[in-house]
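Shown next, in structure tokens, is the structure this report addresses.
A short reminder: the numbers here are calculations on the coordinates, not readings from a lab. Bear in mind that the values here come from a model prediction, so they are computed numbers and not experimental data. Cβ sites come from the backbone with ideal geometry, for glycine too, and all protein chains shown count toward neighbours.
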Amino acid sequence: MPELDERGIDAIREYHFLGGSKVTDLKGTFRADLTNVDLHKIFVTWAKQGAKMTRRIMVVCSKWGDVITMFPIP
């Protein structure tokens, strides 16, 4: 099963949480109250659904920052 390590969590926070240095209007953001444990649970759920190894994933969030789905980008 793929792993979500500290580096991965840091990248998610940098790119997809308000205040992150890589956040732009072109990307969705997570709710600010999601913890690292929450991110790990989301990732594990996605991985258990048959995710294949990949270097990138697409995360689809609602306009309120709730995760709708995630999938690998080939």
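The table below gives the values:
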| read-out | value |
| --- | --- |
| Sorted by Cβ neighbour density within 10 Å, fewest at the top, the residues 12, 42, 73 | 73, 42, 12 |
| Karplus (6.51, -1.76, 1.60) ³J(HN,Hα), θ = phi - 60°, over region 16-24, in Hz, Gly and Pro reported as x | 10, 10, 3, x, x, 5, 10, 6, 9 |
| Sequence of 5, 25 once ranked by neighbouring C-beta atoms within 10 Å, starting from the fewest | 25, 5 |
| 15 Å beta-carbon shell around residue 35, net charge (K/R +1, D/E -1) | -2 |
| Inter-label distance for residue 37 and residue 63, nm, one decimal - labels placed 7 Å from Cα along Cα-to-Cβ | 3.2 |
| Extent along principal axes [Cα atoms of region 6-73; Å; largest to smallest] | 31, 22, 20 |
